[in-house]
Structures are given as structure tokens and as C-alpha cells.
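Quick notes on the structure that follows.
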């Protein structure tokens, strides 16, 4: 079970890292032109960059606390925050006509819920 939780948290951390880097460092016009990033055209730049920073923090929060054994409760707390983020992402994608990405967000949500459940129970 522990290995499955590590794999799930690591996978989510990679997803968060990729999303965070793109939102924090890629110009907003380039994001808006990319498939799945159309929603950024309607968002304030500070909001997109802020989401990027939150995703970078999530990437760290999903693995570093358990890895260093410093405040490991932050792993399931981060996973719960990821669940909330995915709910917001699903709403945003539906509103902007990218309903096909909702399935991907739902998968990330399920993995995050598994990590939260598994690490809170540990």
C-alpha cells in the first residue's frame, strides 16, 4: 500500500510540477494558444501565475514532507487541496468548452483522493 501511495503522490507531483512551470513561466498568450489552455485568455495574469506557484508548492508538498519526515501530515493536506483545485479545473474547462479535459481532471482528483485517504489513515 505504501508503494502505491508513493507512486500516486509522485505521479501527481510530476503533473503539478509540469502545470506549475507552464503557468508560472510560460507567457500567457502562448498558454492561451495551447490546447487546454484557452481559459487563460480570459484570466488575469496574476491569477494564472498564482495558480502556477500553487501547483509548484503542491508538487513539493506531495512528496517532500514524507521524504524528509518533516511534517508528513502536509502530504494528505496537499492532496486534499489538489482535489479542490481539480474541482475548480473541471468547472473552468466545462465553462470554456473543454469538457474532454474534465475526464483527465477527474482522474487526477481520484488519485489525489487516494493519496489523502491513504496518508491520513497511516
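Computed from the coordinates by the stated procedures, all read-outs in this text should not be read as laboratory data. Quick caveat, the model's predicted, so the values are computed rather than measured. Glycine also receives a Cβ, built like all others from the backbone with ideal geometry; neighbour counts cover every protein chain displayed.
Reported to the nearest whole Å, the Cα centre-to-centre distance from region 84-108 to region 1-78 is 15.
Tell me, in nm to one decimal, what length is gained between residue 17 and residue 44 on full extension, where the rule is 0.36 nm per residue of separation less the Cα-Cα distance? Kindly include the intermediate steps, with their values, before the conclusion.
Values: separation 27, 0.36 × 27 = 9.72 nm, distance 2.11 nm.
Full extension from residue 17 to residue 44 adds 7.6 nm.
Between 0 and 90 degrees, rounded to the nearest ten: what's the tilt of helix 74-95 against the longest Cα principal axis of the chain? That helix lies at roughly 20 degrees to the long axis.
Think of it as helices only: each DSSP H run of n ≥ 4 in the chain is worth -39500 (n - 2.57), and spread over all residues that comes to -27500 deg cm²/dmol at 222 nm.
Rounded, prolate or oblate: which fits region 44-122 when a ≥ b ≥ c are the square roots of the eigenvalues of the alpha-carbon gyration tensor, with rounded for a/c under 1.5 and prolate only if a/b beats b/c? It comes out oblate by the Cα gyration axes. Against the main long axis of the alpha-carbon atoms of the chain, helix 45-68 sits at an angle near 20°. Tilt of helix 2-25 relative to the longest C-alpha principal axis of the chain, in degrees (0 to 90, nearest 10)? Roughly 30 degrees, rounded to the nearest 10.
If you count, for each residue, the other Cβ atoms within 10 Å and average over each peptide, how do 98-106, 11-19, 59-67 line up from highest to lowest? If you can, show how the numbers build up before the last one.
Values: 98-106: 14.9, 11-19: 18.4, 59-67: 20.1.
For the peptides 98-106, 11-19, 59-67, the packing ranking is 59-67, 11-19, 98-106.
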